[in-house]
Amino acid sequence: DALQEAVVVTADGRRHTANADQQPDLFWALRGGGGGNLGIVTSLTFATSPAHEMGFAFLDWPAAAAVRVLRGWQRRLPHAPHSASLTLHLDAVSTGVGVRILAVSLTGDAHDEAAALEAAVGQVPSSASFTATSHADGIKLLGGCSGSGISQCQLPPAGSFPREAFVAGSDIIGSRLSLSTAHDVVSTVARRGRAGGGGALLLDALGGRICALAPGDTAFRWRTALASAQWYVGLPTDAGTTGIASGRRWIADGHRALRPVSAGGYVNYLEPGRPVASYYGRNVGRMRRLRARYDPEGVFDSPWSV
């Protein structure tokens, strides 16, 4: 949503400047339309935002409270201020499921949001820790730095992060989970953990400023959805087909568990065999018309093209 302008080279070799006034259709598609559809982007211009002090709360509950936490977290989302971001982690561990909520507040203090989450869940966390950082150190913390030396932590230069093997998938949660669906989701994660397989379900809250635009205002349609769900299985770099197949089966189980509330998927978590249209919802028709206009010969055709 912060994108202001992009320079794009299309399949015919032409250079286009796309913004709200020039080629607005192309600009619309670039805001959430995924890669490999319309051309090669050579320049991006973004609006900036003021840096804020960041407050973090790390809240953990026992496995037995997982369904209660999931239901309480979703009750809190519509009431959370735009300055807060709430992510629920359900991790497949040997004992079943690990339960954590990460609350981030741009007020610099996450205690109020932690208290609101505790009230929504209706159960005191088994552990809670808090920290406040500068904006820069907060980004480092989210990027993997921890402990008292966050300021001195040096993240790898852009483009130099090591490759990681994984399989992943997504669901866009369009409405609240019923009690039975919440049980199915938690059971899916717990079974994976007890069977000795690693994995995680990350639920990132949507809402807030995302709702400032309508579903048709950009190619990213999921403006009124509750959350984005990422199913993730990390693998060793030498993972064979057995490990990959096991991860994909678990992700398929996750999709089935969330089917009653899933509206589609997130285009940054592409999955083999999934209909590409599911990443765009009702915006897919406009994306296809633009694809035909800007790449009529199919130069950028791939399994992920609209």
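Okay, here's what the table says:
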{"item": "Segments classed as strands (runs of 3 or more DSSP E), wholly inside region 1-73, with at least 3 members that are within 23 Å of residue 201 (Cα to Cα)", "result": "54-61"}
{"item": "Test for residue 162: is it in contact with a strand residue (DSSP E or B) (Cβ under 8 Å, 6 or more places away or on another chain), modelled with pLDDT under 95 and farther than 25 Å from residue 121 by Cβ", "result": "no"}
{"item": "Residue pairs meeting the criteria (Cβ under 6 Å; at least 6 apart or on separate chains; first under 20 Å from residue 184 (Cβ atoms), in region 71-84; second assigned to a helix (DSSP H, G or I) and small (Gly, Ala, Ser))", "result": "71/182; 72/120; 75/120"}
{"item": "Among the residues listed as 176, 223, the single one being among the charged types (D, E, K, R), modelled with pLDDT of 95 or more, in contact with a Cys (Cβ under 8 Å, 6 or more places away or on another chain) and outside any helix (DSSP H, G or I)", "result": "223"}
{"item": "Selection from region 188-241 of residues that are small (Gly, Ala, Ser), open to solvent by 50 Å² or more (accessible area, probe 1.4 Å), more than 30 Å from residue 33 (Cα to Cα) and in contact (Cβ under 8 Å) with a residue 12 or more places away in the chain", "result": "196"}
{"item": "Qualifying residues in region 242-272 (those that are assigned to a loop (DSSP other than H, G, I, E, B), under 22 Å from residue 70 (Cβ atoms) and not aromatic (Phe, Trp, Tyr)) - the one most open to solvent (accessible area, probe 1.4 Å)", "result": "259"}
{"item": "Test: residue in region 273-282 that is open to solvent by less than 20 Å² (accessible area, probe 1.4 Å) and over 17 Å from residue 37 (Cβ atoms)", "result": "no"}
{"item": "Looking only at region 7-47, and only at residues there that are over 24 Å from residue 298 (Cβ atoms) and touching a residue at least 40 places away in the same chain (Cβ under 8 Å), the one that is most open to solvent (accessible area, probe 1.4 Å)", "result": "46"}
{"item": "Residue in region 48-68 that is least open to solvent (accessible area, probe 1.4 Å), counting only those that are charged (D, E, K, R) and under 28 Å from residue 139 (Cα atoms)", "result": "60"}
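The values are calculated or read from the model by the stated rules, or taken from the named source; none is laboratory data. Computed from a predicted model, the values in this text were never measured in an experiment. Neighbour counts are summed over all protein chains in view; Cβ atoms, including those assigned to glycine, are modelled from backbone coordinates with ideal geometry. Remember, those area values only see protein heavy atoms, side chains included, never the ligands or the DNA or RNA. Shrake-Rupley method; radii C 1.70, N 1.55, O 1.52, S 1.80 Å.
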